[in-house]
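Undergrad: Below is the structure I would like to discuss, written out as structure tokens.
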Amino acid sequence: MGRIGLRDYPLKSAEETLAFGAFIAKHIEKNTILALTGNLGAGKTTFVQGLAQGLGILEPIQSPTFILLNVYEGLAHFDLYRLKNAEDFRSLGFEEYFDQMICAIEWPDRIQELLPSKTIHIHFEYDQGGRTAKVL
């Protein structure tokens, strides 16, 4: 995990959330899996946008909520909110991305049993004071 460290990162704005994503991009390997948890609006997709910027991806990053997966150069962005279970994930062949590129997975609880032990878990919280990302 390099210099990321297990700790809380306060994120007072969308710009700080983008910058945190770009920071993470500079400190992970090309086949890292990021399990992103938190309520709707907590900053998961904004984080992925920053991650993409940090990876040099120029195309706009959209939430893949209705299609489950968007693939960019070196980045697979999953939103598993509408997925029923890990077997559905497996039957769609999505596990093949784990060894090929960075995978940012929103709502990873749907496939918890499929996540490798090396997965980096980041939990986003949001309140009146802003957002916090907890790297677990």
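All of the numbers you see were taken from the coordinates with simple rules; none came from a lab. Because the structure is predicted, anything quoted here is derived from the model rather than measured. Please note: Cβ atoms are built from the backbone with ideal geometry, for glycine as well, and neighbour counts cover all protein chains shown.
Undergrad: Please name all residue pairs, on different chains or six or more residues apart, with Cβ atoms under 8 Å, provided the first residue is in segment 113-128 and is among the basic types (K, R) and the second residue is surrounded by 15 or more Cβ atoms within 10 Å (Cβ to Cβ).
TA: K118/T32; K118/I33
Undergrad: Quickly run through segment 17-56 and pick out the residues that are of a type in the set (A, V, I, L, M, F, W, C) and assigned to a loop (DSSP other than H, G, I, E, B). Spell out how you get there, then give the answer.
TA: To start, the set of residues in segment 17-56 that are of a type in the set (A, V, I, L, M, F, W, C) comprises 18-20, 22-25, 28, 33-36, 40, 42, 47-48, 51-52, 55.
Selection gives I28, L40, A42, L55.
Here is a yes/no grid of residues against (1) of a type in the set (S, T, N, Q); (2) part of a loop (DSSP other than H, G, I, E, B):
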site	(1), (2)
A76	no, no
R82	no, yes
R90	no, no
E95	no, no
F98	no, no
A104	no, no
Q112	yes, no
P116	no, yes
E125	no, no
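Undergrad: For segment 101-112: of the residues being without any contact (Cβ under 8 Å) to a residue 40 or more places away in the chain and not basic (K, R), which is surrounded by the fewest Cβ atoms within 10 Å (Cβ to Cβ)? Break it down stepwise before answering.
TA: Restricting attention to segment 101-112, the residues satisfying the condition of being without any contact (Cβ under 8 Å) to a residue 40 or more places away in the chain are 110-112.
Applying the additional criterion that residues be not basic (K, R) yields 111-112.
Numbers: I111: 21, Q112: 10.
Going through the qualifying residues, I end up with Q112.
Undergrad: Here's another thing I want to ask about it. If you scan segment 127-136, which residues turn out to be exposed (fewer than 11 other Cβ atoms within 10 Å of the Cβ) and either assigned to a strand (DSSP E or B) or of a type outside the set (S, T, N, Q) (or both)? Show your work before the answer.
TA: Keep residues of segment 127-136 that are exposed (fewer than 11 other Cβ atoms within 10 Å of the Cβ), which gives 127-129.
Matches in segment 127-136: D127, G129.
Undergrad: Filter segment 73-99 down to residues that are touching a residue at least 24 places away in the same chain (Cβ under 8 Å) and of a type in the set (S, T, Y) and give me whichever is farthest from N39 (Cα to Cα). Talk me through it step by step, then tell me what you get.
TA: Keep residues of segment 73-99 that are touching a residue at least 24 places away in the same chain (Cβ under 8 Å), which gives 74-81, 83-86, 89-90, 92, 94, 97-99.
This time we only want the ones that are of a type in the set (S, T, Y), so: 81, 97.
Values: Y81: 11, Y97: 25 Å.
By that ranking, first place goes to Y97.
Each row is one residue, and each column tells you yes or no for (1) under 23 Å from T132 (Cβ atoms); (2) surrounded by fewer than 21 Cβ atoms within 10 Å (Cβ to Cβ); (3) of a type outside the set (A, V, I, L, M); (4) out of contact with any strand residue (DSSP E or B) (no Cβ under 7 Å at 6 or more places or on another chain).
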position	(1), (2), (3), (4)
L11	yes, no, no, no
I24	yes, no, no, yes
G41	yes, yes, yes, no
R90	no, yes, yes, yes
D99	no, yes, yes, yes
L114	no, yes, no, yes
T119	yes, yes, yes, no
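Undergrad: If I go through segment 30-72 residue by residue, how many of them are without any contact (Cβ under 8 Å) to a residue 40 or more places away in the chain, closer than 24 Å to R110 by Cβ and not small (G, A, S)?
TA: 14
Undergrad: For I61, indicate whether it is crowded, with 18+ Cβ neighbours inside 10 Å and either of a type in the set (S, T, Y) or assigned to a loop (DSSP other than H, G, I, E, B) (or both).
TA: Numbers: crowded, with 18+ Cβ neighbours inside 10 Å: yes; either of a type in the set (S, T, Y) or assigned to a loop (DSSP other than H, G, I, E, B) (or both): yes.
Yes: the conditions hold for I61.
Undergrad: Next question. Are any of the residues in segment 96-114 of a type outside the set (V, I, T) and touching a Cys at 6+ places or on another chain (Cβ under 9 Å)?
TA: Looking for residues that are of a type outside the set (V, I, T) and touching a Cys at 6+ places or on another chain (Cβ under 9 Å), one finds at least one in segment 96-114, hence yes.
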